[in-house]
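Engineer: Input: one structure, supplied below.
Bear in mind that the values in this text are calculations on the coordinates, not laboratory data. The structure displayed is predicted, hence computed values, not measured ones. A quick note on method: Cβ atoms are made from the backbone with ideal geometry, for glycine too, and the neighbour counts reach across all protein chains shown.
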Amino acid sequence: MSDLKAVTDATFEEDVIKASKPVLVDFWAEWCGPCRALTPELEKLAAAHKDKIEVVKVNVDENPAIAAKYGITSIPAVFAFKDGEKVHTSIGAKPQPALEQEFANVLS
Amino acid sequence: MTEQILPDQVHDVVIIGSGPAGYTAAVYTARANLSPVVLAGSVTAGGELMNTTEVENFPGFPEGIQGPDLMMNMEAQARRFGADIRHEDATEVKLEGTVKEITLGSGGVLHARSVILATGSAYRELGVPGEKELSGHGVSWCATCDGFFFREQVIAVVGGGDSAMEEALFLTKFASKVYVIHRRDQLRASQIMADRAKANEKIEFIWNSEVTEVRGEGQVSQLGMRSTVDDTESSLEVTGLFIAIGHDPRVGLFKDQLELTEDGTLQVDGRTSKTSLPGVFAAGDVLDPHYRQAITAAGSGCVAALDVEHYLADTADSDAAETRAAQPASV
């Protein structure tokens, strides 16, 4: 299990689109090995930048509407949202330093 | 090296990589009381088998075993004998000299008398226009991760080996049709996998063809294709493309310090695991351009562990001899 907040089709609008801070959304599924590998790295990232950003998870199995809306065809996929807009996408499991670089514009 | 390294801060062996080669080397060196440190990788722990499903050809599992389960078993077996398995990356290595230095992604540094390089291989890219841009938008290298998103769709797999057949067969659970595109007119895959793919009514083979371009606006919609026989161009409407055309050894971390073969794999001495530097050993796919099986990687990890044991015993003997020679007998 993960410390990261689980967001659903029903709560996505409230938790992500209307959030005051930038939000990183991790699209994942139980059967996806790299997704499990990515989770601890995202948890580290979330802990290191908890003043700047929020990191949440969307289970694509249980929340097909959001996954379909954003055209997810590959997981793990991490989308960065700022003021309700998608500003960056990262595909695949990556270590924390690589995530720091990729999302530098929302972390700074 | 300017700073003093105390002998008790030097590990006997550090293993970089955690596929069947790395974990087997860990089991053997741990049982030999060498207290191995395994740098399993921050997001790659368990290696390539973590992204597979049923493994039917690893001896000892008559009913087969799931790839991730096999790797978790190997990890548990190595831990049982005291291997120190860390989900960390090696970002830099200095392999010359009697004490090797390994810099970690987290910033720390490890010192070791010997190193086993079991970094495996990375999937190969097609290198055609559109592939990078549409990666994650229909272009994928992981059927078990992404097959789910292609329910009732028409998709394609490129490749003719066992991995390509496995991906294609797995994808038939979701897709309405799976094309297998291969450059030759026969498969490289093992007979059993080839037979299964050919018998599956959702799979259609496109022989003697290569993908020249991946097309689509924000999502894959079409492939540009060319015949390898007469260069005729054609196109194929698909919404997904799974690439399984082989792997390249992951040697980036140390390729400037060690000799490589023409295939780009690590050069080793005969059937041993000895690389071009003393105290540096290799195991698994990183030295193997041909076989690349879980069981050959595991065997190769065992070879490296035994070579490390001999190397450490030999260097300990010569150190002791030097110490004796340097100190006049006091008895």
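Engineer: Counting each pair of different Cα atoms once, what's the Kirkwood radius of the protein assembly as shown in Å, rounded to one decimal?
Structural biologist: That comes to 23.6 Å for the protein assembly as shown.
Engineer: Can you pull the one-decimal nm distance between simple spin-label points at residue B:54 and residue B:76, each 7 Å off the Cα toward Cβ?
Structural biologist: With each label placed 7 Å out from Cα toward Cβ, I get 2.2 nm.
Engineer: Between their Cα atoms, which of A:21/A:69; A:86/B:198; A:69/B:132; B:132/B:202; A:69/A:94; B:173/B:274 are more than 32 Å away from each other?
Structural biologist: A:86/B:198; B:173/B:274
Engineer: Stokes-Einstein diffusion coefficient for segment B:266-331 at 25 °C in a medium of 0.890 mPa s, Rh from the Kirkwood formula over Cα pairs: what value in µm²/s?
Structural biologist: 181 µm²/s
Engineer: Quick query: amide H of residue B:206 versus all other amide H atoms, modeled in the peptide plane; which residues come in under 5 Å with a sequence gap of 5 or more or a different chain?
Structural biologist: Sorted by chain and number, the residues that satisfy this are B:180, B:181, B:182.
Engineer: Report the label-to-label distance for residue B:177 and residue A:48 in nanometres (one decimal), using points 7 Å from each Cα along the Cα→Cβ vector.
Structural biologist: Going from the residue B:177 label point to the residue A:48 one covers 4.7 nm.
Engineer: Which length gain, in nm to one decimal place, applies between residue A:11 and residue A:68 when the Cα-Cα distance is subtracted from 0.36 nm times their residue separation?
Structural biologist: Separation in residues times 0.36 nm, less the Cα-Cα distance, equals 19.0 nm.
Engineer: Another question, then. In segment B:159-226, if every C-alpha pair distance is counted and binned at 10 Å from zero, what percent goes to each bin?
Structural biologist: 21, 49, 27, 3
Engineer: In segment B:255-331, which GluC sites (Glu not before Pro) fall in coil by DSSP and have 12 or fewer other Cβ atoms within 10 Å?
Structural biologist: Filter output for segment B:255-331: B:259, B:262.
Engineer: Something else now. Out of the DSSP beta bridges found with both residues in segment B:11-149, what percent are antiparallel (nearest 5)?
Structural biologist: Taking every DSSP beta bridge with both residues in segment B:11-149, the antiparallel ones total about 45 percent.
Engineer: For segment A:4-108, which trypsin sites (Lys or Arg not before Pro) are both in a DSSP coil and crowded by at most 13 other Cβ atoms within 10 Å?
Structural biologist: Those that pass, being in a loop and sparsely packed, are A:18, A:50, A:52.
Engineer: Take the Cβ-Cβ distance between residue B:125 and residue B:321 as r, set R0 to 51 Å, and report the resulting FRET efficiency rounded to the nearest 0.05.
Structural biologist: Between residue B:125 and residue B:321 the formula returns 0.50.
Engineer: How are the C-alpha pair distances of segment B:95-231 spread across 10 Å bins, as whole percents from the shortest bin up?
Structural biologist: Spelled out per bin, shortest first, that is 11, 33, 26, 12, 14, 4.
Engineer: Once you have the Cα-Cα distance between residue B:196 and residue B:132, take 0.36 nm times their residue separation minus that, and quote the gain in nm to one decimal.
Structural biologist: Stretched fully, the residue B:196-residue B:132 segment lengthens by 19.9 nm.
Engineer: While we're looking at this one, here's another question. Write down, largest first, the equivalent ellipsoid semi-axes of chain A in whole Å, where each equals the square root of 5 times an eigenvalue of the alpha-carbon gyration tensor.
Structural biologist: Ellipsoid half-lengths, sorted descending, are 18, 17, 12 Å.
Engineer: Let me ask something additional. Can you give the calculated 222 nm mean residue ellipticity of chain B, where each DSSP H run of n ≥ 4 adds -39,500 (n - 2.57) and the sum is split over every residue, rounded to the nearest 500 deg cm²/dmol?
Structural biologist: It lands at -8000 deg cm²/dmol.
Engineer: Using DSSP to define loop residues, name the GluC sites (Glu not before Pro) in segment A:1-106 whose beta-carbon has at most 10 other beta-carbon atoms within 10 Å.
Structural biologist: Those that pass, being in a loop and sparsely packed, are A:30.
Engineer: Moving on. Checking a compactness column here: for chain B, what do you get for Rg(Cα) / (2.2 N^0.38 Å), N being the number of residues?
Structural biologist: 1.16
Engineer: Would you mind listing how long segment B:182-266 runs along its three principal axes, going by Cα atoms, in whole Å with the largest first?
Structural biologist: Extents along the principal axes, in whole Å: 47, 37, 27.
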